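What follows is a set of notes on a single structure, which appears directly below.
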Amino acid sequence: MKNWLYNKVVIVTGASSGIGKEITKILISKYNCKVIGVARNENKLIEFKNSLLENNQKDFEYCLADVSIKEDWNKIYNFVKNKNCSLLINNAGTILPFQKADKVEDKDIERIFNTNFFSCVNGYKTFCNDFRKNKNSGIINIASVSAICALPGASYYSASKSALTSFSKIVSSEEHKNFFIGTYLPGTTKTNLFKNKDNVKPVLDEKTESILNKFSTSSEKMAKKIVKYIAKKKRYKIIGFDAKLLKFLNSLAPVKSSDLYLRIYKKSKLESFKDTL
Ligand SMILES: NC(=O)c1ccc[n+]([C@@H]2O[C@H](COP(=O)([O-])OP(=O)(O)OC[C@H]3O[C@@H](n4cnc5c(N)ncnc54)[C@H](OP(=O)(O)O)[C@@H]3O)[C@@H](O)[C@H]2O)c1
C-alpha cells in the first residue's frame, strides 16, 4: 500500500554521510522520492551522487549550504522554490570531543547549538508557512538519545539535543492540525560523527570507537527504522537497543546514572574520556 511518502520531494540535511546518506538512498529507491541533499562539502555530495545507481542519480540534487548559518536557509528555500517540496528532514548534526563543561570554548558551544538546534528552528521557520498550505507536508528532527540521558563530557551535545527534542515536540503539537512533525532520538550509530573534521581532534580514539561499535546500530539499519517511522507518521521515537537501555536507566536514576557513567569512564582508562575526569 502506498503511503504519504511516495513521490515526495524531500530535503535531507547532512545527506552526504552516515544516517542522512542512508535515508536518502531509501527515499529514492523505495519511495520514488526526489531528494535535495544539503551539506557543506561538495566533493562528498558528488561522490555520493555518483555512488547511486545510474537511474537513481537524476533523483538526487544537492544544495551547498551550512545549516548552522541562518542566512543559508534563504539559499535552501530559493533552491527548492517551485520544486513542490513537502518534507524537510533535519538530520545534519555535530558533536564535540568529550570534555568537562567548563573547558569547552564559547565558539564551540555556539557551533554545536547553531548546528544541532538553531538549524532546526530556522528550518521550521523557513518552511512552516508553505507547509501549512499542504496537510501532507512534514518536518523530521533527528535528535539523539543523549537528549534524555545525561552523558558526562557531552554536556553541550546533550543540551542541544534536549533543546531540539523539547522544541520539536512542542511545534509538533502546535502544528498538529496543519502538518506532521516527527522527533526521533537515535542511539549510537556507526557513522562518521565521531571523526568530525570540524573538531581539532577526533571525538573518540580508535580503541573507544571499536568498543562503542560493538553496541552501535549500523547506519543502514538506523535509516531503515527512521524511514519506517516517517512512513507511519510516528511523532516520537527512541531508536536502537542501547537507546532504550539508556532511557530505562535514566528513568530509574535520572542523576545517579550520570555518576555511574563517569565511574565507568574512570575504570575504562580510555583516552577519549580522560578530559572528563
Ligand atoms: N552517529 C550516532 O551515533 C548518532 C546518535 C544519535 C544521533 N545522531 C544524530 O544523527 C544525525 C546524523 O549524524 P551522523 O551520525 O550520520 O553523522 P555524520 O556521518 O558525521 O554526518 C553528518 C552530516 O551532516 C553534515 N553537516 C554537518 N554539519 C553541517 C552543517 N553545519 N551544515 C550542513 N551540513 C552539515 C555533514 O556534511 P558536511 O560536513 O559536508 O557539511 C554530513 O553529511 C546528527 O544530527 C547526529 O547528532 C547520531
| message | With the cut-off at 23 Å, tell me which of the pairs 30/233; 30/247; 107/197 have Cα atoms farther apart than that. | response | 30/247
| By a straight-distance test (C-alpha under 19 Å), which lysines pair with residue 81 as possible cross-link partners, with residues fewer than eight away in the same chain excluded? | 8, 34, 58, 70, 125, 133, 135
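Please identify the helices of the chain, taking whole runs of DSSP H, that span at least 20 Å along their own axis as judged from the Cα atoms and have a mean Kyte-Doolittle score of -1.0 or higher.
Values: long enough: 155-174 (28 Å, -0.10).
Result, helices passing both filters: 155-174.
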| field | Relative compactness, the stretch 26-67, computed as alpha-carbon Rg over 2.2 N^0.38 Å | value | 1.13
| Can you list the trypsin sites (Lys or Arg not before Pro) in the stretch 216-277 that are in a DSSP coil and have 11 or fewer other beta carbons within 10 angstrom? | 269
| Around residue 260: net Lys/Arg minus Asp/Glu count, Cβ-Cβ under 12 Å | +3
| Can you pull out the trypsin sites (Lys or Arg not before Pro) in the stretch 93-190 that DSSP calls coil and that have at most 11 other Cβ atoms within 10 Å? | 133, 177
| message | For a quick check: sort 73, 4 by the number of other beta carbons within 10 angstrom, fewest at the front. | response | 4, 73
| So which aspartates and glutamates pass the test for residue 228, namely a Cα distance under 18 Å, with those fewer than 8 places away in the same chain ruled out? | 22, 220
| Which listed pairs, of 2/44; 21/214; 190/266; 75/190, have C-alpha distances above 26 Å, in listed order | 2/44; 75/190
| Can you give me the relative contact order of the chain as a percent, contacts being Cα pairs under 8 Å and 6 or more apart? | 20 percent
| Dimensions of the stretch 9-276 along principal axes (Cα, Å, largest first)? | 55, 39, 34
| query | Hey, what do the phi angles of the stretch 138-143 turn into as Karplus ³J(HN,Hα) couplings, whole Hz, using 6.51/-1.76/1.60 and θ = phi - 60°, x for Gly and Pro? | reply | x, 10, 10, 10, 8, 8
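Every number in this text was worked out from the coordinates using simple rules, so none of it is lab data. A quick note: this is a predicted structure, and the numbers were derived from the prediction, not measured. Positions of Cβ are generated from backbone atoms using ideal geometry, with glycine treated the same way; all protein chains shown enter the neighbour counts.
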